[in-house]
Structures are given as C-alpha cells and as structure tokens.
Amino acid sequence: MAQRYGGKFSPEGQPDSATESLSPNRFRGHRAHSPNIRARLLFIAPLPLLFSAIGELRAGDAFGMVAELLAFASLIIGAWLLREGLKAEEAYRSRKIARPPALPRKLLAAEFAGLGVAVATYFGWQQGLIPALVFGAVASVAHIISFGLDPMRRKGMEGINEFDAERVAKAVDKAESLLQETITASKRFGDRRLEGRVESLASAARDMFRAVEEDPRDLTSSRKFLSVYLKGARDATIKFADIYSRNRDAKARSDYEALLSDLERSFDAQHKTMLLDNRSDLDVEITVLRDRLKQEGLRANEDTQ
C-alpha cells in the first residue's frame, strides 16, 4: 500500500515543535542491525538448480527435474532457517537474561544445506553415492564454520538464581511476543507517523524489559505492564488497523494516538520508578557498608590502644 510522506517540509507538515513531539526516536533501545550478506546470497546460490530443472523438464527427464527441484527446495529452506536463526541469535545477544532458542535453526540450516548439495550431486549430476555424501558433509561443515551454531546455554546475570532467571526469561519472552504482534499489526496502517508512535512505545517497553532483567525483584511490580497492558495494546492495534485501513477514521486515529501516549508515559514512569528503587537500594547498601567500615575502624583503634 502506498504511503503518504509526512514531515515538516511536506504540504501537510507539522511545525518543528509538533513534529518533534509526534516523531519520537524510533531507534531508542535498538541495537544496530548489520545485515549478513553471505546469508542473503544463500537465497541466490540455488537458482541454477531451478533453471536446470526447467531444462530437464523440456528434455523429458522427469526424474532429474524432481531431484533438482528437491535440491533447490532443500537449499532454500536452509537459507530461510539460517535467516531466522540469525534473528533469534541477535535477540538472544541483546538481552541480559535469555533462554537459548527452542529450535536450533542454524544447525538445521546446515543440515538442509548439506542435504541439498548431496541430492544435487547424486541425482542431478550423477556423481555417485560416496562423492555425494562427501560433498554434502563438506557443505554442512562449511556452513557451521561460516555462521556458527545456535546459542545453547541459558544466559543470566551473576548473583541471580536460576529460578528467578527462568521467571524473568519467560515473562520477557511473552512480552516480546506481544510487542512484536503489535508492531506487525501497525504495518497495516499505511501511515509512517503512526508506525513511529508504535515503535516509540515498543522502545519504552523494552527499556523496562532491560530493567527487569537487571533486577528480577522488579518482576512482580511490572507484571501488569508485561502482560495486561501489552495485550491490551496489541488488541487495540489490531482493531484500529482493521478500521483505519478501511475508512481512515479521524476520531479512531485520535483515540488510538491518545492511547499510545498514555501507554508510553506509563511505561516510562514505571521504568523511572524502578531505577529510583534500585538507586535507593544502592544508597542503603553504601550507608550500611560505610557504617560497618567506621565501626571496624573504631575497633581497630581501640585494639591498638
């Protein structure tokens, strides 16, 4: 769907102050994403097999065509699994407390790559079973060397027991899923500025996620934000997308923007409260430690006298 460009220099642009308030930083809380060119090339590499299969069809070799199509499909599935595995790994590395991906996508991608090469070698190019197995194994090993394996360990912070880390990981996983569904629904708006508002809300929510990961004691006070509020935001976004994509209802848009503003302020306020609580705990620890040091100093002086 075509989208109207919006900005202070557009025909319906907002003044500078309004633009700044309505166009928040969409990249707050996001890590720089570096596209993996090698992974993308894996979608292009199997194309010769597709063209060869078409040639086999014209030549009347149905078996050869099927074999090369199977090899092509296996390599494409491997490339797709690799892309999803890299996304899961990036999400894992960006979090302080995380569980490894449930499905080892990068490992499966290596297996599909090896299978595709073996099938193409044996059935498509008639090289024999042993060469096919060797080429397939080499392809799988090269895939693993190039892209690595999936994260296999749970990641937590020192001083946090496994039970608390597991609770936080599950809660944040669920919250991230709700947030991603909200962002996906916002893509149906056909309005960059509204999508930016949703991204801003997501950034505020992720700031709070990171605070919960740093101190799992905040999980209890943040549960309504991680579940109830985010679920409500997702449902409201889906319903608004259905309405706004049909008739561009101005009243619905105004109400939805007000909801986003209220939610973002709530998440920011909760995040600040959590930071203040953490600072208070730190001040208490420092005060107690200083008192102990003073007492130890006095005792040391008394002992020397």
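The set of residues from region 62-76 being modelled with pLDDT of 85 or more and surrounded by fewer than 18 Cβ atoms within 10 Å (Cβ to Cβ) comprises 66, 73. Residues that are within 25 Å of residue 153 (Cβ to Cβ) and modelled with pLDDT under 50 do not occur anywhere in region 88-95. The single condition among (1) buried (at least 16 other Cβ atoms within 10 Å of the Cβ); (2) touching a helix residue (DSSP H, G or I) at 6+ places or on another chain (Cβ under 8 Å) that residue 128 does not meet is (1). Looking only at region 98-117, which residues are buried (at least 24 other Cβ atoms within 10 Å of the Cβ) and of a type in the set (A, V, I, L, M)? Within region 98-117, 109, 110, 113, 117 meet the criteria.
If only residues of region 84-97 that are surrounded by 16 or more Cβ atoms within 10 Å (Cβ to Cβ) and of a type in the set (Lys, Arg) are counted, the one that is farthest from residue 45 (Cα to Cα) is 96.
The values are calculated or read from the model by the stated rules, or taken from the named source; none is laboratory data. Quick caveat: nothing in here was measured; it's all calculated off a predicted structure. When we count neighbours, we look across all protein chains shown, and the Cβ atoms used for this are built from the backbone with ideal geometry, even at glycine.
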